[in-house]
Structure formats: structure tokens, C-alpha cells
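A.B. asks: Sharing a structure with you now.
Bear in mind that the values in this text are calculations on the coordinates, not laboratory data. In this text the structure is predicted, and so the values were computed from the model without any measurement. Please note: Cβ atoms are built from the backbone with ideal geometry, for glycine as well, and neighbour counts cover all protein chains shown.
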Amino acid sequence: MKKGYATTIGNFDGLHKGHMALIKKIKTQAKKMDLKTKIITFNPYPFEFFKLEKNRILSELDKNIILSDLKIDHVNAINFNDHFRNTSAEDFFNEYLLEEDVKYLIVGKDFKFGKDRLGDLKLLKTLCDRNEIILEVLEDFEINGSKISSTLIRELLMHSKFQEASKLLGRTYQISGKVIKGKSLGKRISTPTANIDIENKEFCFSGVFLGKTEIDKIGYFCIVNFGPKPTFDDYEQSLEVHILDYDGNVYDEALSIEFLCKIRDQIRFNSIDELKNQINEDKIKAEELKELYE
């Protein structure tokens, strides 16, 4: 007999403790009701599609790894495009919930759905009742009286408060990706770097940081250049790491970069020599800072 689904819907950018509460609920209900679990999410996120002044927390790779570790039966990452943006609330409900045999649905109290976000909780409750779908609305998830949200985590990351952000996430903040061929800028500045694929996504912070990565189960500190490269007139966000005390080949490997603290902002240099001098200063600073994390 075909099983239905216990489901939740959202961006889940960050997969923070509030998101985890939703996911825990669908896993609990799935067990009680003999259902499978499903998460409905989006790629790109709506705020990316509409080019709003908001950028992401997690890479797609990290998001998929976390959801895989949680053993969710099915993840439906809807392609948010021009066609989807015009889907009415009722059509969204019919196509992604009713036709997909959802039996239990839990959402946050700010949940909206359908074209122009016209679908609200009142409409969702009506549609669920009509089709015998159990609907639950989760109140805000709080720690010490403060609401945990992706907005708050973005704010913390923008101010390089990685330890505080990690507490709200429930895990160390990191960005993962495959090491890909870059533009060979590292050779020009005599500092080899590993270029991490972030799939042309824009993240919510930038700068030069002290980080840490693991290769063959050994931890290495690294200097992380995250953002545009104004000295080279390259304004796309990229993630490059110079791994300290390591001279092996990591090309084509997947690396996870843990962010520890900020070294400096990114700035435009007037010459390559000026940039090289700054990189040497960054290395000295990184050697001083890493003692705090050893």
C-alpha cells in the first residue's frame, strides 16, 4: 500500500534550530501515522529569484548533506522560476500537497504561499480541512526569549559573530563545496589557493577570515577570501582558501570551510605588489589568531 507524507515547506536557509523543530515534528508524525517524510523547499530561493536585498546562509551542498543526514525520505527542491511564481495558492496546494498525497503538514506561523504570497494560514486551513489533511502551525522557536530566525543569523554572520550564529544553528557554521579550477590568480600573487564551488550563489557576508578545514581527517587552519576580488575587477562572490602548512593537491575534492573570525574587510589595492604585501600581513595575523583556536 502506498504511503502518504508528513511534510513541511520553507526555504530552510540555514537549517537552524527552528527549522529542526519543524523537521522533528514531521519525523515524529510520520512514525505515528505510518507515513514517509518530505520537505518542500526552493532553489533558487524566492529572495534570490526576485533579487531582494537578502543573501543566503547555506550552500546547496551543505543543505543537501544536512537533510541527507536527517534521513528525510524525499526532498522536493522546486525550481522557482517565472512559471512557478505565477502559480496560484490553490494550484500550489493541489499540485504539491494534494496530488502528492500529503496527510500531515506543519508550517511556521508566518507561512504564505502562491502567487504574490496571497495564500495565508486561513486559506491553508480551509483547504487542508476540506481534503482531510492534518495541519499544524508551529509557533516561533525561541532561545532565552529571542526568536531564532534566518534573518538574525544573517545579521550575526554579517558581523562575523560565527560562534553566536553556530549556537542558533545547532552546529558549527561552515560552507562546503568542490574544489574547482579558478582563474589562476593565486599564481600571480605567489599564494596558492583552493577555489571552492559555491554555484554562483551570493552569500550574506564577505571579507578575509581565519578558517579551518579538514583533509584526510587532519585539521588545517586556512586564510579564507570570501567575496569579490576588486583588485582584479572581479565582482562575483567567490570562496578561495589558502591552506596553512599544507602543500598537497585538493583539486576535485570536496572541502568544508569552518569560519572562525574575521581578519579584515576586502579592499581594492592599487597594485599586485600592494596586494602581496597585505597577504603577507594576513598570514602573520592568521598565525597570531590561530593560537586562540588550537
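A.B. asks: Using the alpha-carbon atoms, what tilt in degrees (0 to 90, nearest 10) does helix 272-290 show relative to the longest principal axis of the chain?
C.D. replies: Relative to the chain, helix 272-290 is tipped by roughly 70 degrees.
A.B. asks: In addition: Give me the three principal axis extents of segment 26-81 from the C-alpha atoms, as integers in angstrom, largest value leading.
C.D. replies: Cα spread of segment 26-81 along its principal axes, largest to smallest: 41, 20, 15 Å.
A.B. asks: Sort 87, 126 so that the residue with the fewest other Cβ atoms within 10 Å of its own Cβ comes first and the one with the most comes last.
C.D. replies: Ranked by crowding around the Cβ, least crowded first: 126, 87.
A.B. asks: Moving on. Could you let me know the centre-to-centre spacing of segment 149-174 and segment 194-223, using Cα atoms, in angstrom?
C.D. replies: If we compute the Cα centre of each part, the gap is 16 Å.
A.B. asks: Hey, another quick one. Over the Cα atoms of segment 132-236, each weighted equally, I'd like the Debye log10 I(q)/I(0) at q = 0.20 Å⁻¹, rounded to two decimals.
C.D. replies: Each listed q corresponds, in turn, to -1.20.
A.B. asks: So how tilted is helix 17-33 from the main axis of the chain? Cα-based, degrees 0 to 90, rounded to 10.
C.D. replies: 40
A.B. asks: What order do you get for 132, 60 when you list them from fewest to most C-beta neighbours inside 10 Å?
C.D. replies: Arranged by neighbour count, lowest to highest, 132, 60 become 132, 60.
A.B. asks: Sticking with this structure for a sec: Mind computing the radius of gyration and Dmax over the alpha-carbon atoms of segment 5-150? Å is fine for both.
C.D. replies: Considering segment 5-150 through its Cα atoms, Rg and Dmax are 14.7, 42 Å.
A.B. asks: Connecting C-alpha atoms closer than 10 Å in a GNM of the chain, tell me which of 150, 88, 59 has the biggest fluctuation.
C.D. replies: 88
A.B. asks: With springs connecting C-alpha atoms under 10 Å apart, model the chain as a Gaussian network and identify which of 259, 92, 226 has the largest mean-square fluctuation.
C.D. replies: Between 259, 92, 226, it is 92 that shows the largest mean-square fluctuation.
A.B. asks: Taking 2.2 N^0.38 Å as the expected size of a compact globular protein, what ratio does the Cα radius of gyration of the chain give against it, to two decimals?
C.D. replies: Relative to the 2.2 N^0.38 Å estimate, the chain comes out at 1.14.
A.B. asks: Which whole-number percent of Cα pairs in segment 156-294 have a distance greater than 23 Å?
C.D. replies: Tail of P(r) above 23 Å: 30 percent of Cα pairs.
A.B. asks: For a quick check, take a GNM of the chain with Cα springs below 10 Å and name the residue from 18, 145, 119 with the largest mean-square fluctuation.
C.D. replies: Result for the chain, Cα springs under 10 Å: 145 fluctuates most.
A.B. asks: Under a point spin-label approximation (7 Å from Cα along Cα-to-Cβ), what is the residue 43-residue 216 distance to one decimal in nm?
C.D. replies: A separation of 3.1 nm, rounded to one decimal place.
A.B. asks: Hey, what angle do you get for helix 60-69 against the long axis of the chain, alpha-carbon based, 0 to 90 degrees rounded to 10?
C.D. replies: Long axis of 60-69 versus the principal axis of the chain: about 60 degrees.
A.B. asks: Pull out the extension gain between residue 291 and residue 270, defined as 0.36 nm times the separation in residues minus the alpha carbon to alpha carbon distance; nm, one decimal.
C.D. replies: My answer for the length gained is 4.4 nm.
A.B. asks: Fully extended, how many nm does the chain gain between residue 76 and residue 261 (0.36 nm per residue separation, minus their Cα-Cα distance)?
C.D. replies: Answer, rounded to one decimal: 63.1 nm.
A.B. asks: How are the Cα pair distances of segment 73-120 distributed, in percent, across 10 Å bins from 0?
C.D. replies: Once binned at 10 Å, the Cα pair distances of segment 73-120 give 23, 58, 19.
A.B. asks: Let me ask you something else. Could you give the length gained on full extension between residue 24 and residue 144, defined as 0.36 nm per residue of separation minus the Cα-Cα distance, in nm?
C.D. replies: 41.2 nm is the gain from fully extending residue 24 to residue 144.
A.B. asks: Sticking with this structure for a sec: Antiparallel versus total DSSP beta bridges in segment 99-210: what percent is that, nearest 5?
C.D. replies: Percent antiparallel among DSSP bridges in segment 99-210 is about 50.
A.B. asks: For a footprinting-style exposure proxy, rank 13, 265 by other Cβ within 10 Å, fewest first.
C.D. replies: Starting with the residue having the fewest Cβ neighbours, the order is 265, 13.
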